[in-house]
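The values are calculated or read from the model by the stated rules, or taken from the named source; none is laboratory data. Please read these numbers as outputs of a predicted model, since none were measured by experiment. Every residue, glycine among them, receives a Cβ derived from its backbone with ideal geometry; neighbour counts consider all protein chains shown. Calculation scope for accessible area: heavy atoms of the full protein, side chains included, ligands and nucleic acids excluded. Shrake-Rupley method; radii C 1.70, N 1.55, O 1.52, S 1.80 Å.
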Amino acid sequence: MHRIVIVGGGAGGLELATRLGRKLGRRGKAQIELIDANTTHLWKPLLHEVATGALDSGIDELNYLAHGRRHGFHFQLGRMRHLDREQKEVVLAAIKDEQGDVLVPERRIGYDTLVIAIGSITNDFGTPGAQEHCFFLDNRRQAERFHQTLLREFLRANAGSAEPAGLDIGIVGAGATGVELSAELYNTAEVLVSYGEEKLNPGNLRVHLIEAGERILPALPPRLSASAKRELENLGVTVHTQTLVTEVSEQGFHTKDGQIIPARMRVWAAGVRAQGFLTNLGLETNRANQLVVNASLQTNDPAIFAMGDCACVLQDGKPVPPRAQAAHQQASHLYLALQAQLKQQPLPTFTYRDKGSLVSLSRYSTVGSLMGNLTKGSMMIEGRLARIVYVSLYRLHQIALHGYWHTLLLSLVGHINKVIRPRLKLH
């Protein structure tokens, strides 16, 4: 059978594998394989909630192996290291345990059609000290590491006899991740106070949100950006705009104008880039290491497609933005394109439709714009309506993976957990 291999089980890659598995894998029309370096999937826009404890990843994550069994595709655990285009094989690095012993040796996975969907990682722009002194939120492990450190800081503050001096947390990057994380930190502090951890409260939690641009949330209209800024400042966040970080140390962030923004915990959430090994595959890449693809999401190798944050596709002369909605739309496109390729039919053209942006400020507020370029303008929404739409985006992702009835049950379980479980993951 024709072998379709998808590398990367993020939002787009997993949706594509699921739909192709149902359509082709179950019917024996093609063999669908999904490769990922992790055993489970968690929707990336939720990582800031994992970092603050608002979400328990152990409950919301999806197991690739079990999901593949249900939906007609095979799962291979491994990290892509290289690509042998002549032999049409993906080279996977050896899997080692914590002591460095090899559990699974290097493997080669053959393909007839390959889809690379490995997502992106945070771009620190080579800033000195960023890698050594900052947390990144690119995956579940990094988010959980931040969560454990945050809990230790609250434990340290509440265990002492004297009142704590406070906790400074600095976040570089005022896009969706940085803004949402800032708000969730104050929600975490409020919940911990309600549980008796009263010494470190929202009043002595100091969050610094640092942005090199003129305003936060540049993807949103200026009015909503200003509204979000006011909401954050009301919570206690200090917003630094037009502030360029030139170095990171244990003391905090050093800025271009010679100031030091103090931060005991430091997060880098500014900019994205694709992984560096993509530049060594013999495929065309851009300055951000993304694979350059044509209007059908095909690389300069006709057997290889790319999608999501690791791909650069131009539309009206501009690159499609690295967003979850773009990955979802590209998965839908490739679902049709790969079937057309099997039938030796012309490949369809991908068209990105901007449906707007939404940003959650924890339980305090939600802001965003809907419809994007589908209308002559955008419909700006805030408050409860925006929150309902924001939550529905995750439900749509679940529907793409599980179907309506399974998603309805997951939603019901989520509501039950809110009643019987703590409001915050405390371990």
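A few points about this structure:
- For the stretch 377-427, the ratio of Cα radius of gyration to the globular rule of thumb 2.2 N^0.38 Å stands at 1.43.
- Largest GNM mean-square fluctuation among Gly53, Gly368, Gly110, using the chain with Cα springs under 10 Å: Gly110.
- Local electrostatic count, Leu77, Cβ distance below 12 Å [Lys/Arg +1, Asp/Glu -1]: 0
- Distance between modelled label sites at Thr351 and Gln87, nm, 7 Å Cα→Cβ extension: 4.3
- With a simple spin-label model that places each label point 7 Å from the Cα along the Cα-to-Cβ direction, the separation between Glu247 and Arg423 comes to 4.2 nm.
- The mean accessible area for residues of the chain, using a 1.4 Å probe and ignoring ligands and nucleic acids, is 48 Å² per residue.
- Degrees between helix 11-20 axis and first principal axis of the chain (Cα, 0 to 90, nearest 10): 30
- Rounded FRET efficiency, nearest 0.05, which uses the C-beta distance separating Arg215 from Thr39 and R0 of 41 Å: 0.55
- Gained length - Glu163 relative to Ile388, 0.36 nm times residue gap less alpha-carbon distance: 77.1 nm
- Per-residue [θ]222 nm for the chain (sum of -39500 (n - 2.57) over DSSP H runs n ≥ 4, rounded to 500): -10500 deg cm²/dmol
- For q = 0.22, 0.25 Å⁻¹, Debye-computed log10 I/I(0) when each Cα of the stretch 321-420 counts as one equal scatterer: -1.20, -1.27
- GluC sites (Glu not before Pro) restricted to DSSP loop in the stretch 156-220 with at most 13 other C-beta within 10 Å: Glu198, Glu214
- Vicinal HN-Hα couplings computed from phi for the stretch 90-105 (Karplus, 6.51 cos²θ - 1.76 cosθ + 1.60; Hz; Gly/Pro x): 8, 9, 9, 5, 5, 9, 10, 8, 5, 8, x, 6, 6, 8, 10, x
- Extension gain, Gln275 back to Arg363 (0.36 nm per residue minus Cα-Cα distance, nm): 28.3 nm
- For the set Lys29/Lys318; Lys23/Lys44; Lys199/Lys418; Lys256/Lys425, the pairs lying more than 30 angstrom apart at their alpha carbons are Lys29/Lys318; Lys256/Lys425.
- With the simple model of a label 7 Å out from the Cα in the direction of the Cβ, Ala94 to Asn294 spans 4.0 nm.
- Expressed as a whole percent, the accessible surface of the chain that belongs to carbon and sulfur atoms is 51, based on a 1.4 Å probe.
- Phi-based couplings in Hz for the stretch 178-186 (Karplus 6.51, -1.76, 1.60; Gly and Pro marked x): x, 5, 5, 5, 4, 5, 5, 4, 6
- Global size of the stretch 1-127 as Cα Rg and Dmax, reported in angstrom: 15.8, 51
- Volume per residue of the C-alpha convex hull in the chain, rounded to whole Å³: 159
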